[in-house]
Amino acid sequence: MQVSYKWLQEYIAFDWSPDELARRLTMIGTAVERITPLYEKFSGVRIARIEKVDRHSGQDRLSLCTINDGTGVRVVVCGAPNVHPGLYAPYAMPGAVLPGGMEVKTATIAGVSSPGFLCSEAELGLSEESDRIMELDPEAAETGMDLWEFLDLDDWIMQFELTPNRPDCMSALGLAREIGALIGTKVRRPELELHEGGGAAAERVTVQIDDPDGCPRYAARIVDNIEIKPSPFWLKRRLHAAGMRSLNNIVDIANYIMIETGQPLHAFDFATFSRPNIVVRAATAGEEFTTLDNERRAMPADAVMITDGAAALAVGGIMGGLASEVSAVTRAVLLESAYFNPSRIRRTRKQLGLASEAALRFEKGVDPNGVGFALDRAAALMAELAGGQVLQGAVDVYPAPVAPLRLEVRPVRVNKIIGVDLASPRMIDILSALEFGVTGGKTIAVAVPTFRPDITREIDLIEEIARIADYGAIPVRRKAAGRIPTAVNPLNQFETRIKEILVGEGLFEVVTNSLVDPRRLTPGEAGLAVKLKNPLSEELSVMRASLCGSLLQVVAHNLNRQVPTIAIFEIGRVFQQVDGVIRERHAAAVMLAGNAFVTRWETGVRAVDFYDLKGILVTMCRALRLELELCAAPYEMFADRASFELRVGETPLGSLGLIAPELARRYDVKIPVWAAFLDFDKLERAGRATAVYRPLPRFPKAERDCAVIVSRSVKGGDLVETVKRAAPELIEQVDIFDVYTGKPIAADKKSVAISVSYRAEDRTLTDAQVNDAHSKAVELLKNCFNAELRE
Amino acid sequence: MADVPDIDRLTAQAAAELERAEDQQALDGFKSRWLGRKGELSLILRGLKDLAPEQRREIGVAANQAREKLQAAYDQRKGALEQNKAVAVDLDYTLPGRTVPRGGLHVLTQVTDEIVRIFYGMGFEVADGPEIETDYYNFTALNFPPDHPARDMQDTFFVEGDYLLRTHTSPVQIRVFEKRRPPVRILAPGRSYRNEAINARSYCMFHQVEGFYAAADVSFADLKGVLVGFAEQFFGAEAKLRFRPSFFPFTEPSTEVDISCLLCGGKGCRLCKYEGWLEILGAGMIDPEVFRAVNYDPERISGFAFGMGIERLAMMKYRIDDIRLFFENDLRFLAQF
Ligand SMILES: [Zn+2]
């Protein structure tokens, strides 16, 4: 919504600058988004009177105009068709600067020297009219007057950013009313000077509403004998301020009155009616209609059709039809002013994908009782500007008139909700200035004007009072009323804890889009993915079922930017649909790619590997006092021989492995990526165990090492477990401290060095006892793994 | 019978000698005197046969233990001397130290955590709800009637099976109110989605923090108190707030809250488009219709709610000029926070 500063001044007197006005309106909720000059500045253009017009001897289309610009008489060359003696027109003299910065000079045109020229509106940046010289009102114009001053062009477009609950502000009068509330006075409504004649309109046309739900009120007037022509400059100026294009006087008037009053109007060429009966009805099944923009459209069931009893003329409240459009030859118009059901308009508008200025107002709710004023005002202007004859009376069908809503507002309640101490007379003043009908008392009785459909309850009136009384004046109360014990959200806290552990392990947290590309998913994920009905694009058309794709994308992004080490994690939701039931679960994922994230100058650079990832997860689990176990298990996102299940005791927690190369390639990742995926909800449940104190050991431990040569396929973990079995009550800890392959060990074998700590809870072990247990352990390794002791 | 050697005295003597050893030559001397094949302890061990049988075992064990102890002390002393020498000659303090790897929390997490901490101090606890929501929780219960133009304020993604992606975390209000009775003071951070084109200023996903408080006698003045308290802690004591009337279906009265420009302090600059203010959040008094939807009596219970975008706050706080950076996760970006 936009109007100009001076336009608003027509309805209400104020002396704030445009900036000050914008600030004040913004602070009562009628936000001004932008202020721009209405016209680009020009200078050195003054009013001249054409004294004489001579044809150019060589060029037919050129004329030589003798003009008087107040300082003297001169001859300028002009190519416009509308020059004639007695015409007052803008004259740009040499030295004048026009919009766009063009400086006017004396020029020679077709052999004749022309000191400057007469201007069209387009040359002055006032409209798009470029064929004709601008014609000035001979009653008001005086030769020599500065045109900028004469037209009073210092004005500003005020562009408003309105909230959808305020259709009343989609009009100049409504905005003026807001200013009135600031000042405490009421707006001046434009005077209505309507001269009717030429018989009763009701004798020329009937109106019948067959769809009172869609159209509760329909009023029409007939204006006869009109002449279609361009609008006068003042009207074009209004449309320009409103951001609309000028078409012709009739259409411009309809648009102008819509912006002034907020009531959309529609002018039909009455001669195109096949019958003199307006019938308003709901669209029929399969109905098609050609709108003004020459598109044949299928009408949704909610559409309200305006017909002449035979053919459809318009989609009510949304757009007129091509066939009944006002044209250059129109002589009589039927002017429509109606009230349409907002929901019906909104549904129709959305289904048709049409957003006209009229529809945007109707769907928010215009004033059903403002229909008549707008109709009369437009008809009066048509008589004035198009020479039309307004037939007597409006044909107005309004079966169930809407009465102002009556509400009560309790001053005590106002002060309680806002937290202020306003006196009730002040509340009454505010509501009166907003044109509410108000009767004071212990509770204030309020009649809500029908142009405020947003006000239906006491709380709405409280807001009106609060916003005009100024939010800034409401105190800042620091003491929150009543103490509430504040609980900590356990899942939230657990998430924070895990994140801190992983950050401590050198990982960066990432936050990725939950919307992903279905074409890159694994088959398993694709089967679970929740699809959007109205995605932005194919790439973002499903919800992620796991964090795998999101993180691979981050890996790819960073690889492309030469980031050498990618060590990342995310904790977020994943979405899975199974048998039509959508489940949201918390998931965590870790991904490693590139160089190991600790590079040291003594050891050099190496690539990340399985053990880096396993170490991170083991550390995380240890912090939760959990013992992490891995076992080989196939997962579709992992490479065949590097795919493991993660578990704690009997609880599976997730998976770990090397991302399958063909999956990585879908994300343009060509290096190994190690990843782990965890069910975060399960991890949280598993991690709830609290520590239980165990007495510290009182007796010394003894350590023994051994190195065994075993087949390369033997798992270190199995060796450790086997050693533990040798003397479960004496062995405290078993660690592998070296794994060696190569000479002199045979190619299919490896040497594994194991250190074992022995300790008893209740005594110091003797050498003999330790040695005995240790040889049992070595013996067991020999038996189970065919191990040889390495000396 | 030979004399019984006094091992304790010998050990103490050896230890003292080792203390005095300052170079390799002295260490070599120590080694041959005490630990070598002809050293004192070897001699004692070799002489065991001359002792009475009852003493043999006792002295033998003692001598062996003393030998091990001295060997360890010798190794330690030797290591220390070598390191001293290395420090004097080779130490290059300009080479990198051995660091423990350290990652980082995403900047959005850091900002969220800070917000949660500040509001926790004001008595707000954290709650959340599903991201895939129903129309009822996301709109209807929050007083967005069907076919109401207010629904256009939030471009919505719809999901198969009559669900949608929540457009704000305000549905958490309804979910909490349904389960609890006032007083409730909740903070609900989480992901939200809007069907908006992706560019430097907007993204189809963002993180919102919704806060709300419902109890007897909560007023707009309390809302101002909480938000001013938040702004002072989050942006600094000099931050000023401005409350402008606005419209949200689920609050009445509603307000848009601006903060004095962080760059120019309100004088006007490019960041604030020369207005001196930056919009940071929307808020208001919870609409009676919302209370009715959860069977609270709006005559007895009043409350406020506010919602702010975490990306927006992070962008303001760290002067980040492109929202896409948050979700691209360039590690060089993440490492800056
Ligand atoms: Zn600024």
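Measuring spread by the Cα atoms of the range A:218-263 yields a radius of gyration and Dmax of 11.2, 32 Å. From the largest down, the range A:60-148 spans 35, 30, 25 angstrom on the principal axes of its Cα atoms.
Charged side chains reduced to their Cβ positions (Lys and Arg at +1, Asp and Glu at -1) give chain B a dipole of some 1140 debye around its Cα centre.
Only DSSP H runs of four or more residues enter the estimate; each adds -39500 (n - 2.57), and after division by the residues of chain B the mean residue ellipticity at 222 nm equals -12000 deg cm²/dmol.
Pairs over the 20 Å Cα-Cα cut-off, from the set A:Lys186/A:Lys442; A:Lys531/A:Lys682; A:Lys499/A:Lys614: A:Lys186/A:Lys442; A:Lys531/A:Lys682.
When the Cα convex hull of the range A:159-317 is projected onto planes of every orientation, the mean area is 12.0 nm². Rounded to the nearest 20 debye, the dipole magnitude of the protein assembly as shown is 3320 debye, with +1 charges on Lys and Arg beta carbons, -1 on Asp and Glu beta carbons, and the Cα centre as origin. What separates the Cα centres of the range B:8-49 and the range A:1-73 is a distance of 112 Å.
Neighbouring Cβ atoms from other chains, within 10 Å of the Cβ of residues in B:245-256, number 6 on average.
Only Lys, Arg, Asp and Glu carry charge here, each on its Cβ (+1 for the first two, -1 for the last two); on that basis the range A:551-601 has a dipole of about 180 debye about its Cα centre.
Projected label points at B:Asp6 and B:Lys317, each 7 Å from Cα along the beta carbon direction, are separated by 7.3 nanometres. Taking 0.36 nm per residue of separation and subtracting the Cα-Cα distance, full extension of the segment from A:Lys776 to A:Glu584 would add 63.9 nm.
Set against the 2.2 N^0.38 Å expectation for a compact globular protein, chain A has a Cα radius of gyration ratio of 1.52.
Secondary structure note: in the protein assembly as shown, about 95% of the DSSP beta bridges are antiparallel.
Relative to the 2.2 N^0.38 Å rule of thumb, the range A:424-502 has a C-alpha radius of gyration ratio of 1.93.
Partners of B:Lys179 within straight-line reach, counting aspartates and glutamates whose Cα lies under 18 Å from its Cα and excluding those fewer than 8 residues away in the same chain: B:Glu125, B:Asp128, B:Glu133, B:Glu210, B:Glu289, B:Asp297. Candidates A:Leu235, A:Ile222, A:Pro212 compared by Cα position along the dipole of the range A:200-245: farthest toward the positive end lies A:Leu235, with charges placed on Cβ. The label-point distance for A:Asp137 and A:Ala200, in a model that sets each label 7 Å from Cα toward Cβ, rounds to 3.7 nm. Ranked by how many other Cβ atoms sit within 10 Å of their own Cβ, fewest first, the residues A:Val97, B:Val159, B:Val61 fall in the order B:Val61, A:Val97, B:Val159.
Over all Cα atoms in the range A:274-344, the spread is summed up by Rg and Dmax: 12.0, 36 Å. Placing unit charges on each Cβ (+1 for Lys and Arg, -1 for Asp and Glu) gives chain A a dipole about its Cα centre, and among A:Ala623, A:Gly72, A:Asn255 the Cα reaching farthest toward its positive end belongs to A:Ala623. Expressed per residue, the C-alpha convex hull volume of the range A:571-717 stands at 207 Å³. Amide H contacts of A:Ala96: A:Val104, each under 5 Å away and 5 or more positions distant or on a separate chain (H built 1.01 Å from N in the peptide plane; Pro and chain starts excluded). Counting 0.36 nm for each residue step from A:Phe610 to A:Asp15 and taking away their Cα separation leaves a gain of 206.6 nm. When chain A is described by a simple charge dipole with +1 on each Lys and Arg Cβ and -1 on each Asp and Glu Cβ, the residue from A:Gly125, A:Phe785, A:Gly111 located farthest towards its positive end is A:Phe785.
Taking amide H as placed 1.01 Å from N in the peptide plane, the amide H of A:Glu40 sits under 5 Å from none that are at least 5 places away or on another chain. Calculated on C-alpha atoms, the gyration radius of the range B:107-334 divided by its Kirkwood radius gives an Rg/Rh of 0.95.
For A:Glu149 and A:Arg406, what is the calculated FRET efficiency with R₀ set at 56 Å and r taken between the beta-carbons, to the nearest 0.05? Once rounded, the FRET efficiency stands at 0.65.
Coupling constants for the range A:389-398 follow from the phi torsions by the Karplus curve (6.51 cos²θ - 1.76 cosθ + 1.60, θ = phi - 60°), and in residue order they are 10, 8, 5, 6, x, 9, 9, 10, 9, 8 Hz; glycine and proline get x.
Think of it as helices only: each DSSP H run of n ≥ 4 in chain A is worth -39500 (n - 2.57), and spread over all residues that comes to -8000 deg cm²/dmol at 222 nm. Between the range A:711-749 and the range A:428-470, what is the separation of their alpha carbon centroids in Å? Measuring centre to centre over Cα atoms gives 85 Å.
Counting Cβ atoms of other protein chains within 10 Å of each Cβ in B:216-229 and taking the mean gives 6. Could you tell me the calculated FRET efficiency between B:Ser32 and A:Ser713, based on Cβ-Cβ distance and R0 = 45 angstrom, to the nearest 0.05? E(calc), rounded to 0.05, equals 0.35. Counted over all Cα-Cα pairs of the range A:637-702, pairs farther apart than 17 Å make up 60 percent. At an R0 of 41 angstrom, the distance between the Cβ atoms of B:Asp147 and A:Arg600 translates into a FRET efficiency of 0.05. Can you work out the PRE-style zone for B:Gln24? Point 7 Å along Cα to Cβ, and I want the residues of the range B:58-82 with backbone N under 18 Å. What the label zone holds, given the 18 Å backbone N cut-off, is B:74-82. A Stokes-Einstein calculation at 20 °C with viscosity 1.002 mPa s, built on the Kirkwood radius of the range B:7-90 over Cα pairs, returns a diffusion coefficient of 155 µm²/s. I want to verify a result. In a Gaussian network model of chain B, Cα cutoff 10 Å, which of these has the top mean-square fluctuation: B:Arg270, B:Arg244, B:Arg20? Fluctuation is largest for B:Arg20. Cα-based values for the range B:215-337, radius of gyration first and Dmax second, are 17.2, 54 Å.
Read-outs: derived from the displayed coordinates by stated rules, not from any lab. Owing to the predicted nature of the structure, the values given are computational and were not obtained by experimental measurement. Because the Cβ atoms are built from the backbone with ideal geometry, glycine has one as well, and the counts that use them run over all protein chains shown.
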